[in-house]
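Below: the structure, in structure tokens.
Rule-based calculations on the coordinates, nothing more; no lab input. Quick caveat: nothing in here was measured; it's all calculated off a predicted structure. Reconstructed Cβ throughout: ideal geometry from the backbone, glycine too, with neighbour counts over all protein chains shown.
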Amino acid sequence: MERDLILIATSLFTWGIGEGLFYYFLPLSLQNWGADPLLIGTIYGGIGVATAIAQIPAGYLADRIGPRYIMYASWVIGMLATWIMALAQSLTVFVIGVWIYYLTAFVMAPMNKYITQIRGKWSVSRALTFAAGSFALGAVAGPILGGLIADHLGIRKIYLFSAVIFIVSTTIIFFVKSRKMVAVEEIKDDSHLFQNRRYVTFLILSFFTIMFVYLPQPLTPNFLHDVVSLNQTTIGLLGTIGNIGNAFATLILGTLPSTFGLFLSQFMVAAFALILWKGKSTFSYGLAYFLLGGYRLNRSMIVSKVQSFIREKEVGLAFGFLETVTGFAIIATPILAGWIYTQNPVLVYPVGLALICLGILTNGLFFYSFRSHSVKGH
């Protein structure tokens with residue numbers, strides 16, 4: 001395995017521990033600050049804005065100056081944003097910290113480009129899912145620890161622990177230096193990026209795919225706390241199970257062919273929505289959270305599939321547009337979820353399930369219509 005891939009995986013593993021502490025408690029933190037479900041959905045929409053706005057410039061810069069320095073910047077900004085969240089004394093300041101934190105998602109396109117360059121003999125999908133799985137594996141312990149901290153020290157303290165852990169992760173990423181290129185068999189197509197019909201169609205499809213698989217998720221901690229009456233420690237335990245599912249999906253299922261993995265991931269999230277809708281026990285909710293690992297797998301498989309539609313020199317920009325498009329999906333979805341939740345909290349799950357099934361059907365039609373050769377390694 002390449003040295004820099006190991007370093008990235010180690011840094012992501014450490015970051016996963018820190019983010020795992022608060023990720024599943026963010027909706028409850030916002031509620032604790034006085035935000036209602038609709039406002040929480042709107043704030044999550046702002047997260048989508050933060051996620052989307054910097055993706056294209058970051059991808060463009062990754063193609064021009066290389067991805068490494070952009071990765072450095074992302075880690076530093078994310079660490080500082082968490083300190084803002086940890087030290088906030090008002091909802092406004094806390095939300096600013098949250099939005100700055102998620103702004104660092106601009107690292108996705110450069111980091112994915114970097115990983116494809118240093119993957120050695122691994123396939124693109126395997127390298128990307130290994131990195132995602134390292135993050136997920138680190139996040140396994142976070143939620144249960146976060147729940148214990150929240151119940152014994154207060155929910156705001158979890159951000160302080162996260163901020164300290166992020167210092168370690170940021171230190172590790174600064175040891176990533178080399179940038180080894182790998183040969184990539186290019187698509188025999190001289191058209192520019194947006195003359196590539198398969199790529200553009202897949203971008204549009206990815207918007208709806210991400211929107212549909214994300215819809216059941218944003219307010220689930222609130223649902224479990226307010227409707228099912230689970231305490232924060234139990235919700236944290238479910239989050240830990242969810243991160244075990246993330247690790248399993250990315251590290252084990254990530255070895256599957258990318259097209260098959262893309263469909264499997266959607267079925268997994270569909271099962272999550274079905275179980276949350278019909279489940280009656282903590283065991284069933286735990287199974288649902290384990291299957292939610294399909295969401296992480298879905299994101300990785302979408303990225304690896306895009307690689308097969310484009311030329312090597314456009315990888316960074318193509319990833320940037322992809323992350324922007326999926327970011328816009330994350331803008332709209334929580335607002336819709338918040339509105340549905342205010343009408344009937346349970347209704348989020350059957351609606352989400354129906355839309356995911358629609359997404360599976362649409363993806364099937366796309367791959368049937370655009371059957372073509374793939375880049376070596378897919």
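Towards the positive end of the charge dipole of the chain, with charges on Cβ (+1 Lys, Arg; -1 Asp, Glu), say which of Pro143, Gly245, Gln217 has the farthest Cα.
The one lying farthest along the dipole's positive direction is Gly245.
Measure out, as a whole number of angstrom, how far apart the alpha-carbon centroids of region 279-308 and region 197-262 sit.
4 Å
Report, in degrees rounded to the nearest 10, the 0 to 90 angle that the Cα long axis of helix 315-343 makes with the longest principal axis of the chain.
Once rounded, the angle reads 30 degrees.
To the nearest 20 Debye, how big is the dipole of region 250-378 about its Cα centre, given +1 on the beta carbon of each Lys and Arg and -1 on that of each Asp and Glu?
The dipole magnitude comes to about 200 debye.
Measure nothing but the geometry: give the 0 to 90° angle between the long axis through the Cα atoms of 37-53 and the longest principal axis through the Cα atoms of the chain, rounded to 10°.
20 degrees
Can you give the alpha-carbon Rg of region 233-378 over 2.2 N^0.38 Å, where N counts its residues?
1.14
Could you tell me which of rounded, prolate or oblate describes region 19-104, using a ≥ b ≥ c as the square roots of the eigenvalues of the alpha-carbon gyration tensor, with rounded for a/c under 1.5 and, failing that, prolate when a/b is larger than b/c and oblate otherwise?
It comes out prolate by the Cα gyration axes.
Lysine pairs, Cα distance under 29 Å, 8 or more residues apart or cross-chain: how many in the chain?
Number of lysine pairs found: 26.
Run the helix sum for the chain: -39,500 (n - 2.57) per DSSP H stretch of 4+ residues, divided by residue count, reported at 222 nm to the nearest 500 deg cm²/dmol.
Computed ellipticity for the chain at 222 nm equals -24000 deg cm²/dmol.
Would you order Asp4, Asp226 from fewest to most other beta-carbon atoms within 10 Å of each residue's own beta-carbon?
The fewest-first ordering by Cβ neighbours comes to Asp226, Asp4.
To test your reading of the geometry: what angle, between 0 and 90 degrees and rounded to tens, separates the Cα axis of helix 282-291 from the longest principal axis of the chain?
20 degrees
Grab the Cα-Cα distance for Val200 and Leu80, subtract it from 0.36 nm times how many residues apart they are, and report the gain in nm with one decimal.
Contour length minus the Cα-Cα distance gives 39.6 nm.
To the nearest 20 debye, what charge dipole does the chain have about its Cα centre, counting +1 at the Cβ of each Lys and Arg and -1 at the Cβ of each Asp and Glu?
Charge dipole, the chain, about its Cα centre: 760 debye, nearest 20.
Any idea which of Ser125, Phe366, Ile167 is furthest toward the positive side of the dipole for the chain, if Lys and Arg beta-carbons carry +1 and Asp and Glu beta-carbons -1?
Ser125
Distances over 39 Å make up what percent of all Cα-Cα pairs in the chain?
Beyond 39 Å sits 10 percent of the P(r) for the chain.
With the Cα gyration tensor of region 192-252 giving a ≥ b ≥ c as the square roots of its eigenvalues, does the rule (a/c under 1.5 for rounded; else a/b larger than b/c for prolate; else oblate) give rounded, prolate or oblate?
Verdict is oblate for region 192-252.
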